[in-house]
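Take a look at the following structure, please.
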Amino acid sequence: MPYLGGVFGNPSSVHHVGRQARALLDDARDRAAKLLNCKPSVIIFTSGATESTNMAIFGAARLLKTKGRHIITSTIEHHAVLHCCEYLVKKEGFEVTYLPVDQEGRISVESLQKAIQPDTILVSIMAANNEIGTLEPIDGMGALCRERGILFHSDAVQWFGKEPFENIQQFNVDLVSICAHKLHGPKGAGALYVRSPLLPDPIIFGGGHENERRAGTENLVGIIGFVEAMERFIKKPVFDKGKLLPLTNRLMHAIENLQGAHLVGARNDRLVNTVSFVVEGSDSIALLAGLDMEGICASSGSACSAGSLEPSHVISALGIQKSMANSLVRFSLGRESTLEEVEHVESVLPKVIQRARRK
Ligand code: PLP
């Protein structure tokens with residue numbers, strides 16, 4: 001709050017008000033670097049995970065295109081990854097291999113190993129899936145990529161604040177996307193970590209901000225909020241397993257016992273806050289509307305594609321029957337979620353499903 005009105009300077013201005021803003025920006029970068037255990041210069045502040053991911057994929061692909069044009073990703077990545085890959089195939093002559101997932105949404109290190117070609121330059125695999133919560137074995141994939149000299153990017157926005165974090169080196173990654181709003185921080189702020197001495201091509205041109213890597217006046221308030229959220233919530237995960245696991249286990253148990261409802265995603269290696277399921281003979285729009293009428297905020301696919309009538313690409317990748325593919329519901333619990341709220345969901349869910357079926 002003090003930075004919203006109190007510090008109005010532009011970090012690029014040379015006068016004292018600007019210098020005050022610059023000092024805060026530098027301080028935020030130093031604090032983020034200390035937390036991640038890297039040099040401040042390898043953190044590029046962005047507007048969030050979409051931008052970080054675009055920067056990683058376009059930046060790495062264009063930097064390395066003379067070495068090769070083959071990229072590997074998975075069928076269940078966020079559209080921030082998939083649409084970049086599609087663009088590179090359509091417009092810039094790249095080839096992309098999409099790794100499949102098992103029934104729980106897990107990508108195997110073996111499938112990555114098999115997909116690597118002599119001209120593979122980049123692998124992008126998410127650390128945890130946003131729609132079904134499955135955790136991916138990215139340290140193994142990162143180690144394999146490092147051994148083969150291939151750049152490895154991970155969209156890790158769902159992972160931070162939920163799993164134990166020591167330092168950025170634990171992932172064996174070259175590029176990592178992080179964002180603030182998945183950490184109870186402000187929307188519209190995030191970062192790309194770029195392992196030194198890599199220099200991906202920029203995707204936004206203009207001024208010399210962010211060490212010439214991302215032009216445009218910095219969102220100082222967002223950046224400070226982002227770093228504050230990282231400091232408070234990453235090392236001591238804000239999504240506390242001790243508190244949330246009993247709640248999500250309870251919710252999963254209740255859903256399992258509902259006729260026609262099927263849990264999706266991993267049973268064990270999953271994000272502690274995410275519970276997803278599909279319902280026979282129903283669709284997400286009717287289910288979400290019914291839940292909303294009961295005061296319950298839920299989502300279907302990713303928040304960005306909620307409201308779309310197309311089945312989620314993640315659900316399609318899991319091989320779920322077509323008749324249920326349009327009925328995904330995702331509950332995401334947070335730091336404030338309580339047992340009473342979970343009990344409320346449990347008590348109204350049968351009624352909501354029944355109504356949604358009648359429509
Ligand atoms: N990647 C994943 C896995 C996400 O869950 C999201 C957001 O929901 C994004 C990328 C996009 O993030 P942002 O909205 O910060 O651009």
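Readers should treat all values here as calculations from the given coordinates under stated rules, not as data from a laboratory. Please read all numbers here as calculations on a predicted model, not as lab measurements. Positions of Cβ are generated from backbone atoms using ideal geometry, with glycine treated the same way; all protein chains shown enter the neighbour counts.
Among 288-300, 168-180, 1-13, what's the highest-first ranking by average C-beta atoms within 10 angstrom per residue? Each step should come with its number before you reach the end.
Details: 288-300: 16.5, 168-180: 23.1, 1-13: 12.8.
In descending order of packing, they fall as 168-180, 288-300, 1-13.
List the GluC sites (Glu not before Pro) within region 108-207 that DSSP assigns to loop and that have no more than 11 neighbouring Cβ atoms inside 10 Å. Working shown, then result.
Working: sites: GLU110, GLU131, GLU147, GLU166; in loops: GLU131, GLU166.
Qualifying residues, ordered by number: GLU166.
Normalise the Cα radius of gyration of region 120-278 by 2.2 N^0.38 Å (N = residues in it) and let me know the number. Kindly include the intermediate steps, with their values, before the conclusion.
Values: Rg = 17.8 Å, N = 159, 2.2 N^0.38 = 15.1 Å.
Relative to the 2.2 N^0.38 Å estimate, region 120-278 comes out at 1.18.
I would also like to ask the following. In terms of Cα to Cα distance under 19 Å, which lysines are near enough to LYS182, apart from those fewer than 8 places away along the same chain?
In chain and number order, the partners are LYS162, LYS235, LYS236, LYS241, LYS243.
Which three numbers, in whole Å and largest first, are the semi-axes of the equivalent ellipsoid of region 145-193 derived from its Cα gyration tensor as √(5λ)?
Values: eigenvalues 102, 30, 10 Å².
Rounded to whole Å, the semi-axes are 23, 12, 7.
OK, next. State, as an integer percentage, the relative contact order of region 104-205 based on alpha-carbon contacts under 8 Å between residues 6 or more apart. Write down the numbers at each step before the final one.
Working: 137 pairs, mean separation 21.9, N = 102.
Reported as a whole number, the value is 21 percent.
Also: Once you keep just the Cα pairs under 8 angstrom separated by 6 or more residues, what percentage relative contact order results for the chain?
Details: 688 pairs, mean separation 64.2, N = 359.
Dividing the mean separation by the residue count of the chain yields 18 percent.
Give the average over all directions of the projected area of the C-alpha convex hull of region 88-193, one decimal, in nm².
7.8 nm²
How large is the convex hull of the Cα atoms of the chain per residue, expressed in Å³ as a whole number?
Working: hull volume 49.7 nm³, N = 359.
Spelled out: Cα convex hull of the chain, divided by residues, is 139 Å³.
Antiparallel versus total DSSP beta bridges in the chain: what percent is that, nearest 5? Let's see the in-between values first.
Details: 20 of 34 bridges.
Around 60 percent antiparallel, to the nearest 5.
State the answer as a single residue: which of LEU244, ILE203, LEU144 lies farthest towards the positive end of the charge dipole of region 140-246, with beta carbon charges of +1 for Lys and Arg and -1 for Asp and Glu, about the Cα centre.
Looking along the dipole axis, the top candidate is LEU244.
Placing +1 on the Cβ of each Lys and Arg and -1 on the Cβ of each Asp and Glu in region 1-136, which of PRO40, THR75, ALA56 has its Cα farthest towards the positive end of the resulting dipole?
The residue sitting most towards the positive pole is PRO40.
Any lysines with Cα under 22 Å of the LYS351 Cα? List them, leaving off those in the same chain fewer than 8 positions away.
Once the sequence-local lysines are set aside, what remains near LYS351 is LYS359.
State, to one decimal in nm², a quarter of the convex hull surface area for the C-alpha atoms of region 26-129, i.e. the direction-averaged projected area.
Numbers: hull surface 31.6 nm².
Over every viewing direction, the Cα hull of region 26-129 projects on average to 7.9 nm².
Additional query: How big is region 59-109 along each principal axis, measuring the range of its Cα positions in Å and listing the largest first?
Here the Cα extents, ordered largest to smallest, are 36, 21, 16 Å.
Convert each backbone phi in region 94-110 into a coupling constant with the Karplus relation 6.51 cos²θ - 1.76 cosθ + 1.60 (shift: θ = phi - 60°), then list the ³J(HN,Hα) values in order as whole Hz, x for Gly and Pro.
8, 10, 10, 9, 9, 6, x, 10, 7, 4, 9, x, 9, 9, 9, 5, 4
If you don't mind, there's one more thing I want to ask. Which of the lysines could be linked to LYS67 by a straight reach, that is with a Cα gap under 21 Å, when you skip same-chain ones fewer than 8 residues away?
Result set, ordered by chain and number: LYS90, LYS91, LYS114.
Now for a different question. Work out the charge dipole of the chain with +1 on the Cβ of Lys and Arg and -1 on the Cβ of Asp and Glu about the Cα centre, then indicate which of LEU220, VAL109, ILE255 is farthest towards its positive end.
Result: LEU220.
Per the Kirkwood definition applied to all pairs of different Cα atoms, how many angstroms is the hydrodynamic radius of region 250-359? Kindly include the intermediate steps, with their values, before the conclusion.
On the way: mean 1/r = 0.0714 Å⁻¹.
It works out to 14.0 Å.
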